[in-house]
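The values are calculated or read from the model by the stated rules, or taken from the named source; none is laboratory data. The structure presented is a predicted model; accordingly, all values stated were derived computationally and were not measured. We place every Cβ from the backbone using ideal geometry, glycine too, and count neighbours over all the protein chains shown. Note: accessible area is taken over every heavy atom of the protein model, side chains too, but ligands, DNA and RNA are not part of it. Shrake-Rupley method; radii C 1.70, N 1.55, O 1.52, S 1.80 Å.
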Amino acid sequence: MKKAVYVISHTHWDREWYLTFEVFRQRMVRLLDKLVADMKRNRTFEFFHLDGQTIILEDYEEVGGQIEELLELVKEGRVQVGPWYVLPDEFLVSGEALIRNYLMSKRLAEKFDIPLLNVAYLPDMFGHSAYTPTILRGLGMEWAIVWRGVGRESLPIFKWKSPHGDAVNAYHLIDGYSNGAHFGKDREGFKEVLLTTGHRLLRLYGDTPPLMLNGTDHEIPFENVPEILEEISGKEIHFVHSNLKTFVAGLPEPEEILEGELRSPKKEHVLKGVLSSRISAKLLNFETEILYQHYVEPLMALACLEGKDVPLEQLWYGWKLILRSQPHDSICGCSRDEVHETVINRLKRALHHGIALSAGLMTEIAGEYLSDFGLLVFNPLEKEKERFFEAIVMLPEGDWVLEGEGVAFSHFEKVADAPKDIPRERWAKFLVYPSTSRIFDLNLCVYKCLARVKLPSFGLCNFKIKRRANATKEETRTFHTPFRILSNGTLGFSWYGKNHENIGYLKDVEDAGDEYNHSHLSREEFDSLKCEVDFEEILSTAYLKTIRARFNMELPKSLDRMNGIRSNKKLKMPVEIDYTFFNGEPRVDIRMKVNNVVKDHRLSIVFPIGNFSSCLTDGYFGVIRRERENFTADLTSWAELPENIYPLFSFVAFPTERILVVTRGLHELHLTTEGFEITLLRSVEWLSRGDLVTRRGYAGPMIHTPNAQESGIHEFTLSLVLLKEGTLHEIYEIAREILLPPLAFQGEYSIKNDMTIPFRVEKGIVSAFKPFEKGNGIILRVFEPSGGKPEVKFDVPVTEVNLAEDPITDSSRTRSVRSWLLSI
């Protein structure tokens, strides 16, 4: 009986990787010029898949490509594009960033008046996030195309469920997205590839229709593929040239269910080390996502509520800079040095743009600028709460206090030897003041303002800065904290009957790997437990105290690969840690500055809490349970060695032990017999190598990347919190309190602090509060991290919508994530 093998012609387009974007774009222009010419000349060449990302159209148009001819092919259905703007990594970006990725693609489709493919094409992500099915379903997609991380060659299709039960159908590219590539062969050689692959796919897929992807990385397609397929079709196999939309429509409903993350390294690489390579990009990406998602967008929503016109194009300008940095070769740090420099540049621009945009929105809402003697403060949380924040201000010499309704505490600390610069808190004045002559005044002193104030839900309030009255003094009271600093610069504490010591020591191991994976040679370890530490109290107030610990770690200069050991020559790596304790709160903030002067190593912060049953890390819309595994089976055939290394986004919690650690841009978690570690940085010197003991073969070309050593000064921020109950509600409330501090700009404005928002969240957590994409209105999205149904009370008419901001349907409804369009 003749069986069909479906063939889709495509190219996989890494926008920047082992060469820079501009070099790759020149090849893309040649590819698209040829594709357009071939498809116009040959009507039998019916279908081409443009890798699921619409940014290719934007890049092509920008340099004068034949965009109208290409768009005509898209409108005819011969070239399929989307649904994504770019193909992103799934573990290093937020769920909201993945949604913005789709919305940006949708904006481009509307601009070009073209259809988007409604199949979730995810061909080369380094594994898949547990809550990706929730997003795909919420965007109205029924099928996903996946490759890495499934781990089973015998599973061609399955139903993929998130931990909360949202499901999509998944087609498994068992042998990847390049199984029908010509790889530069001539016509006869290409025929042989197609026939051999076709027979293999029929064996692998059984009764499930097999899919052959005719293309690979940056491959320019054969013009006459349909003709070749007709020639090689015979009694056993009929090769059908097709497209993804048609192909998935003919697939059967899957029976088997897979739940959660797809991250098995058994069958193909999942490249775990990208969670911590080129850490500088990860730190910046995290801050930009937080800024746009929790500050810029909510401020735009507030401006909409006040009847202001909002600069939506400016919002998307910033998001595009972020999204263009999130393909895996970009944000994962597995690229050449020039690409990393470009990523850093884009993210810094996005950060500065977002802060300035926030300042402009806050001043637009706040009204007339009156003087320097005030702070304009925005609360990005959905609940009224007393909140702590810091701000740098420039004032005349004096003893200053913050005044206004809701001020519980304030302290102004003069900054000694302050850098000659314009702090971001003065950017608001820079935007609104008629002259720039008084923005930077050498006669002013620089102060750090520390304050605790009561702020309403998504509130924007103005507080006055005044000289302290002669008769008043700053409050003093007994300081209580469960933490103590040990002589070696680590922390100790007792909690729920357990005594913990040496919490937060540093551990350093060799890294003989590459940008994709850590590897080892001698397994020699160094730590900070016996370092000589100098201490200094740098801040002491009634509400908080900061102690600075300084020490040097003596570490090998680099690897000695010839002898399989770390270098005998040692260098001193300076480390500076600021521990900030909060009076009456079981919380300590850890700000660490490391001058990375050595090479070929991995540096981690260690929390030796002993044995634990399991822990929780955060995903897009809920948590993922992690357990330490014992890998005792024969692993020699695995593509990559399995390890107890897991992604986290912003926290790891141990509910039984009542311990929570909140991070900012540190995404690599190691579970060990001692407790757990969080990677601070990896220093390597090669894009890819072929001699790792943790991975079979190369993951990319062997290109020298000396800047991947990440030499120089790095700053890391974590918070350690001791939980009282260990519930999900407590974990998320504390994590968000830490991650989303109030945003302040210097200035007194005419605002009356009487703004209110037209909703109250009764159950759940706000994930998005943003302008509606299609006109007047506001989008509110709330998720319930335990999997329940979010509950919100509204004071204005609302319509429930899906994640694509379209009217909700049964097929796009998600269980624990709900979105509403508020009419204004």
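Can you tally the net charge around residue 132? Count Lys and Arg as +1, Asp and Glu as -1, for every other residue whose Cβ sits under 10 Å from the Cβ of residue 132.
Numbers: positive: 137; negative: 90, 166, 261.
Summing Lys and Arg as +1 and Asp and Glu as -1 gives -2.
How large a share of the accessible area of the chain, in percent, is made up of carbon and sulfur atoms when the probe is 1.4 Å and the other protein chains stay in place? Write down the numbers at each step before the final one.
Numbers: 14970 of 31340 Å².
Carbon-and-sulfur percentage of accessible area, whole number: 48.
At 1.4 Å probe size, with every protein chain present, just tell me what the per residue accessible area of the chain comes to in Å². Spell out each step's value before the answer.
Working: 31340 Å² over 824 residues.
With the other protein chains kept in place, the chain gives 38 Å² per residue.
Beyond 23 Å, how much of the Cα-Cα pair distribution for the range 274-407 remains, as a whole percent?
Details: 4207 of 8911 pairs.
Result: 47 percent of Cα pairs exceed 23 Å.
Roughly how far apart, in whole Å, are the Cα centres of the range 636-714 and the range 539-618?
If we compute the Cα centre of each part, the gap is 16 Å.
Run the reach check for residue 448 against lysines, Cα to Cα strictly under 27 Å, same-chain hits fewer than 8 apart removed. What comes back?
348, 383, 385, 414, 420, 429, 464, 466, 473, 545, 593, 752
Could you tell me how far the Cα centroid of the range 476-517 sits from the Cα centroid of the range 110-146, in Å?
41 Å
How high is the relative contact order of the chain, in percent, counting Cα pairs under 8 Å that sit 6 or more residues apart?
14 percent
Normalised radius of gyration for the range 313-380, please: alpha carbon Rg relative to 2.2 N^0.38 Å, two decimal places.
Values: Rg = 16.3 Å, N = 68, 2.2 N^0.38 = 10.9 Å.
For the range 313-380, the normalised Cα radius of gyration comes out at 1.50.
What is the mean projected area of the alpha carbon convex hull for the chain, to one decimal in square nanometres? All intermediate terms of the calculation are to be shown ahead of the outcome.
Working: hull surface 144.4 nm².
The orientation-averaged projected area of the Cα hull of the chain comes to 36.1 nm².
Kindly write out, for the range 552-568 in residue order, the coupling ³J(HN,Hα) from the Karplus curve 6.51 cos²θ - 1.76 cosθ + 1.60 (θ = phi - 60°), rounded to whole Hz, with x marking Gly and Pro.
So the Karplus estimates, Gly and Pro as x, are 10, 9, 7, 10, x, 4, 6, 8, 10, 5, 4, 9, x, 9, 7, 4, 6 Hz.
Can you spot the lysines whose alpha carbon is less than 24 Å from residue 161's alpha carbon? Ignore those fewer than 8 places along the same chain.
Leaving aside lysines fewer than 8 places away in the same chain, those within reach of residue 161 are 245, 266, 267, 272, 763, 789.
Just to check, using Stokes-Einstein with a Kirkwood Rh over alpha carbon pairs, what's the diffusion coefficient of the range 155-222 at 10 °C and 1.306 mPa s in µm²/s? It would help to have the intermediate numbers written out before the result.
Values: Rh = 13.5 Å.
Approximately 117 µm²/s, per Stokes-Einstein.
Any idea what % of Cα-Cα pairs in the range 1-151 are farther than 18 Å? Intermediate results must be reported in sequence, preceding the final value.
On the way: 6763 of 11325 pairs.
So the pairs more than 18 Å apart make up 60 percent of the total in the range 1-151.
Which percent, to the nearest 5, of DSSP beta bridges fully inside the chain are antiparallel?
Of those bridges, close to 85 percent are antiparallel.
Restricting things to alpha carbons, find the Rg to Rh ratio for the range 323-476 using the Kirkwood radius for Rh. Mind dumping the intermediate values first?
Details: Rg = 18.7 Å, Rh = 17.9 Å.
Result for the range 323-476 is an Rg/Rh of 1.05.
Would you calculate, for the chain, the mean residue ellipticity at 222 nm contributed by helices, counting each DSSP H stretch of 4 or more residues as -39,500 (n - 2.57) and dividing by all residues, to the nearest 500?
On the way: 15 runs with 182 residues, N = 824.
Rounded to the nearest 500, the figure is -7000 deg cm²/dmol.
Taking R0 as 22 Å, what's the FRET efficiency between residue 188 and residue 1 from their Cβ-Cβ distance, rounded to 0.05?
Numbers: r = 28 Å, r/R0 = 1.26.
Result of the calculation: an efficiency of 0.20.
How large is log10 I(q)/I(0) at q = 0.17 Å⁻¹ when the Debye formula is applied to the Cα atoms of the range 417-499, each weighted equally and without solvent?
-1.05
Over the range 1-57, what relative contact order in percent results from Cα pairs under 8 Å that are six or more residues apart? Please report the intermediate quantities before stating the final value.
Details: 24 pairs, mean separation 28.6, N = 57.
Relative contact order for the range 1-57 comes out at 50 percent.
So for the range 16-114, averaging the separation of alpha carbon pairs under 8 Å that are six or more residues apart and normalising by length, what relative contact order in percent results? Please list the in-between numbers first.
Values: 90 pairs, mean separation 27.3, N = 99.
It comes to 28 percent, rounded to a whole number.
For residue 232 and residue 464, calculate 0.36 nm times their separation in residues minus their Cα-Cα distance, and state this gained length in nm to one decimal. Walk me through the numbers before you get to the answer.
Working: separation 232, 0.36 × 232 = 83.52 nm, distance 8.01 nm.
Roughly 75.5 nm would be gained on extension.
Can you give me the Cα centroid spacing of the range 29-89 and the range 288-326 in angstrom?
29 Å
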